[in-house]
Amino acid sequence: MSSDRRPRSRARGFTLLETVMAIVIIGVGVAGVLSVFNVNVRHSADPVVRKQLMAIAEEMLEEIALRPFVGPTLETSAACGRANFDDLGDYHLYPANHRVCDVEGVPIAALANYWMEVRVTNATLDTVPARRIEVEVRQGTETVTLVTWRTNFAETTP
């Protein structure tokens, strides 16, 4: 007696339960990745603020460092104008209102949320007269402080 029975062929594909489990696992993974991505996007403006702080501080520090060590008079500005500043000492505690302004003293509207202060202090480096120049710029919780030194070595006075 011969048997006409054929072996059962296994069905190929996914069952409904396997498909649902795959969707759940992929959904949890995507949700985790998106939450990390959301945190990174929320803080992505911080490097822009940091670069802006650095640009403001570097520009001001360079402007000050290029001035003569001493000048004929001590200029001050109650507002923001620095067109008459002719030496390092004129910049001490500039600006009085802590606003970021152009050289004519006009506050820069796009930088209204930024705070700035300059401190120029006298010092001596190995018997050579010097000045310590510090520029601090802040916006929110971010702060950039740049410091440099200038000496009066080999500089002629006007």
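The values are calculated or read from the model by the stated rules, or taken from the named source; none is laboratory data. These numbers come from a predicted model, not from an experiment. Reconstructed Cβ throughout: ideal geometry from the backbone, glycine too, with neighbour counts over all protein chains shown. These area figures cover heavy atoms from the full protein model, side chains too; ligands, DNA and RNA do not enter into them. Shrake-Rupley method; radii C 1.70, N 1.55, O 1.52, S 1.80 Å.
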Requested in this report: Could you rank VAL48, VAL103, VAL20, VAL135 by how accessible they are, 1.4 Å probe, largest area first?
Outcome: VAL48, VAL20, VAL103, VAL135
Report task. Give the long-range amide H neighbours of HIS92: residues separated by 5 or more places, or on another chain, with amide H under 5 Å away, using H modelled in the peptide plane at 1.01 Å from N. Result -> VAL120
Report summary line: Taking r as the C-beta separation of VAL49 and THR121 and R0 as 25 Å, the FRET efficiency to the nearest 0.05 is 0.35
Query raised in the report: Stretched out fully, how many nm does the piece from ILE23 to LEU74 gain, at 0.36 nm a residue minus the Cα gap?
Result: 11.0 nm
Query raised in the report: Given 0.36 nm per residue, what is the gain on full extension from VAL106 to PHE37 after removing their alpha carbon distance, in nm?
Result: 20.9 nm
Report task. Write down Rg/Rh for region 79-132, rounded to two decimals, with Rg from the C-alpha atoms and Rh from the Kirkwood relation over Cα pairs. Result -> 1.10
Requested in this report: Add +1 for every Lys or Arg and -1 for every Asp or Glu among the other residues with Cβ under 14 Å from the Cβ of GLN52, and state the total.
Outcome: -1
**Report entry** Where LEU16, LEU111, LEU34 fall by accessible area, highest first, once all protein chains stay in place (1.4 Å)
**Finding:** LEU16, LEU34, LEU111
